[in-house]
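Data first, discussion second: the structure below is written as structure tokens.
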Amino acid sequence: MAPKPRVTRDMIVEAAVEVVREAGAEAVNVRAVARKLNCSTQPVMYQFASMEDLKRAAYERVDRIHTEFLMRSAGERDPLLEIGLNYIRFAIEEPRMFRFLFQSGYVREAGLTEMIDSPELEPVLSAMQAGLEMDGNGTKKVFLTAAMFAHGYASIIANNNLRFDEDTVAADLERAFTGAVMAVRQEDNKNEEFF
């Protein structure tokens with residue numbers, strides 16, 4: 001008789017992510033995850049001391065999925081604009097995962113400054129910094145402005161199942177992004193004139 005396949009921690013996290021994707025974070029529980037894995041609840045409870053621990057692990061995995069999604073190149077547009085559009089596309093394609101990331105209270109960081117300094121954002125900020133030819137501090141300011149604008153669009157669309165008009169959203173994102181870049185550069189010029 002062959003031994004039963006071992007249910008690993010990673011398998012459990014992936015199953016929890018699938019539950020989030022299909023039914024939302026509130027549906028993640030031991031039984032739902034075990035059902036996804038076609039196993040008893042024992043392996044889930046063995047690997048995770050609490051549901052909170054499992055949800056945190058699932059949150060971290062969804063955060064990595066989100067970052068990978070943001071970095072996808074989808075077309076001929078400016079790569080920086082693509083990051084903003086991908087943020088909104090993620091909310092459209094994965095609304096439950098989007099809500100889990102940004103509307104569930106699982107964000108680890110205490111403020112926006114901490115969020116911008118998180119390791120998960122490093123690839124996004126590096127791509128932006130190279131494209132903008134701007135220092136890290138200026139890039140973070142531009143990112144914050146553009147991200148808040150994109151997040152507003154994404155939240156409205158994800159929570160209300162609104163139609164996504166990519167051309168309109170792209171034009172709005174470009175205006176917000178261009179305005180943020182101009183404001184940061186103007187601020188830098190004023191600081192240089194002061195000294």
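The values are calculated or read from the model by the stated rules, or taken from the named source; none is laboratory data. What you see is a predicted model, and the numbers here were worked out from it, not measured in a lab. Reconstructed Cβ throughout: ideal geometry from the backbone, glycine too, with neighbour counts over all protein chains shown.
Only residues that are at pLDDT below 90 and either of a type in the set (S, T, N, Q) or touching a Cys at 6+ places or on another chain (Cβ under 6 Å) (or both) were counted in the stretch 35-91, giving 2.
Take GLY152 and decide whether it is at negative phi, in contact with a helix residue (DSSP H, G or I) (Cβ under 7 Å, 6 or more places away or on another chain) and not aromatic (Phe, Trp, Tyr). For GLY152, the condition - at negative phi, in contact with a helix residue (DSSP H, G or I) (Cβ under 7 Å, 6 or more places away or on another chain) and not aromatic (Phe, Trp, Tyr) - is not met. Of all residues in the stretch 18-44, those that are crowded, with 16+ Cβ neighbours inside 10 Å, more than 18 Å from the chain's Cα centre (by Cα) and either without any contact (Cβ under 8 Å) to a residue 24 or more places away in the chain or within 25 Å of ARG108 (Cα to Cα) (or both) total 8.
None of ALA49, ALA57 is without any contact (Cβ under 8 Å) to a residue 12 or more places away in the chain and either buried (at least 21 other Cβ atoms within 10 Å of the Cβ) or out of contact with any strand residue (DSSP E or B) (no Cβ under 6 Å at 6 or more places or on another chain) (or both) except ALA49.
So, in the stretch 162-175, of the ones that are free of Cβ contacts under 8 Å to residues at least 40 places away in the same chain and not basic (Lys, Arg), which residue ends up surrounded by the fewest Cβ atoms within 10 Å (Cβ to Cβ)? Applying the filter and picking the extreme gives ASP167.
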